[in-house]
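> Before we start, here is the structure in question, set down as structure tokens.
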Amino acid sequence: MAPIQRCELPEAALLRGYLQTGAYTDCYATDVARPVSHAQYVEAFYTTAVFKLERWLLARLVARPSTDLQAWELARGTRAVFAAWSVEARAADQLLMCDFHGRTRSWLMCVPTANGRAARLFFGSAVVPIVDRRSGQASMGRAFRALLGFHKLYSRILLRAAVARLARGARSNDFGAS
């Protein structure tokens, strides 16, 4: 498997708008040695065992359940809400999701390589600062600082899991409700 590397957001990235707002943004990328559609990537990402654990936690802790079928619908553009997120923006090769608190964004982008025989997958996040009501100052907060190391590791784990799922040949008709 190709390494996962932290990189700059591509110029056309839907997440790029958060760079100017003072939000924390990150971007990770890796290559897959076969063509992959954006829908296949989104579906694979949200149906990995790692992400299913997150989905399970969200269902129990904040009453936001989700299924593989809903991930399939999200990937194909027929669903605008999935677990704790809603679609903020969509393009043919990207998806930008916003959490139900409006504090974080998740972004997925898939582009074919120049020769068309492989794909480059991107995964990024944005965390919007909190504005203190008394001082008016924007701050990321203690929880953000405490969890940033975990977030960076978890982002790589999520992307690696999606790549592994795609490598196993996950196809759009492999998933059903679960």
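> What's the number of the condition Ala44 fails, among (1) in a loop (DSSP other than H, G, I, E, B); (2) within 21 Å of Gly169 (Cβ to Cβ)?
Failing condition for Ala44: (1).
> In addition: Kindly check whether there is at least one residue in segment 87-99 that is part of a loop (DSSP other than H, G, I, E, B) and either hydroxyl-bearing (Ser, Thr, Tyr) or at pLDDT below 95 (or both).
No, every residue in segment 87-99 fails to be part of a loop (DSSP other than H, G, I, E, B) and either hydroxyl-bearing (Ser, Thr, Tyr) or at pLDDT below 95 (or both).
> If I filter segment 128-138 for residues that are in contact (Cβ under 8 Å) with a residue 40 or more places away in the chain and more than 30 Å from Ala39 (Cβ to Cβ), do I get at least one hit? Don't jump to the end; show me each part of the working.
In the first step, residues of segment 128-138 are kept if they are in contact (Cβ under 8 Å) with a residue 40 or more places away in the chain; the result is 128-129, 138.
Add one more test, that the residue is more than 30 Å from Ala39 (Cβ to Cβ), and what stays is 129, 138.
Taking every residue of segment 128-138 in turn, at least one turns out to be in contact (Cβ under 8 Å) with a residue 40 or more places away in the chain and more than 30 Å from Ala39 (Cβ to Cβ).
> Being among the small types (Gly, Ala, Ser) and under 27 Å from Ala80 (Cα atoms) is the filter; apply it to segment 94-147 and report the residue that is surrounded by the fewest Cβ atoms within 10 Å (Cβ to Cβ). Don't jump to the end; show me each part of the working.
Taking segment 94-147 and keeping what is among the small types (Gly, Ala, Ser), we get 102, 106, 114, 116, 118-119, 124-126, 135-136, 138-139, 141, 143, 146.
Those left that are additionally under 27 Å from Ala80 (Cα atoms): 102, 106, 119, 124-126.
On the way: Gly102: 10, Ser106: 21, Ala119: 23, Gly124: 27, Ser125: 22, Ala126: 23.
That would be Gly102.
> Could you tell me whether any residue of segment 127-148 is under 15 Å from Gly22 (Cα atoms) and modelled with pLDDT of 90 or more?
Looking for residues that are under 15 Å from Gly22 (Cα atoms) and modelled with pLDDT of 90 or more, one finds at least one in segment 127-148, hence yes.
> Follow-up. Quick one: is Arg60 under 19 Å from Tyr154 (Cβ atoms), of a type in the set (D, E, K, R) and exposed (fewer than 13 other Cβ atoms within 10 Å of the Cβ)?
Details: under 19 Å from Tyr154 (Cβ atoms): yes; of a type in the set (D, E, K, R): yes; exposed (fewer than 13 other Cβ atoms within 10 Å of the Cβ): yes.
Spelling it out, Arg60 is indeed under 19 Å from Tyr154 (Cβ atoms), of a type in the set (D, E, K, R) and exposed (fewer than 13 other Cβ atoms within 10 Å of the Cβ).
> Between Tyr18, Tyr46, Tyr41, which is surrounded by 16 or more Cβ atoms within 10 Å (Cβ to Cβ), touching a helix residue (DSSP H, G or I) at 6+ places or on another chain (Cβ under 6 Å) and of a type outside the set (S, T, N, Q)? Explain how you work it out, then say what you get.
Values: Tyr18 fails: touching a helix residue (DSSP H, G or I) at 6+ places or on another chain (Cβ under 6 Å); Tyr41 fails: touching a helix residue (DSSP H, G or I) at 6+ places or on another chain (Cβ under 6 Å).
Unique residue meeting the criteria: Tyr46.
> Let me ask something additional. Would you pick out the residues in segment 96-124 that are within 17 Å of Arg6 (Cα to Cα) and out of contact with any helix residue (DSSP H, G or I) (no Cβ under 8 Å at 6 or more places or on another chain)?
Hits for segment 96-124 are Ser106, Val111, Arg120, Phe122.
> Of the residues Arg55, Arg34, Arg76, Arg64, which is in contact (Cβ under 8 Å) with a residue 24 or more places away in the chain, of a type outside the set (A, V, I, L, M) and closer than 13 Å to Cys110 by Cβ?
Numbers: Arg55 fails: closer than 13 Å to Cys110 by Cβ; Arg76 fails: closer than 13 Å to Cys110 by Cβ; Arg64 fails: closer than 13 Å to Cys110 by Cβ.
Among Arg55, Arg34, Arg76, Arg64, only Arg34 is in contact (Cβ under 8 Å) with a residue 24 or more places away in the chain, of a type outside the set (A, V, I, L, M) and closer than 13 Å to Cys110 by Cβ.
The values are calculated or read from the model by the stated rules, or taken from the named source; none is laboratory data. On a predicted model such as this, the values are computed, not experimentally measured, just so you know. Every residue, glycine among them, receives a Cβ derived from its backbone with ideal geometry; neighbour counts consider all protein chains shown.
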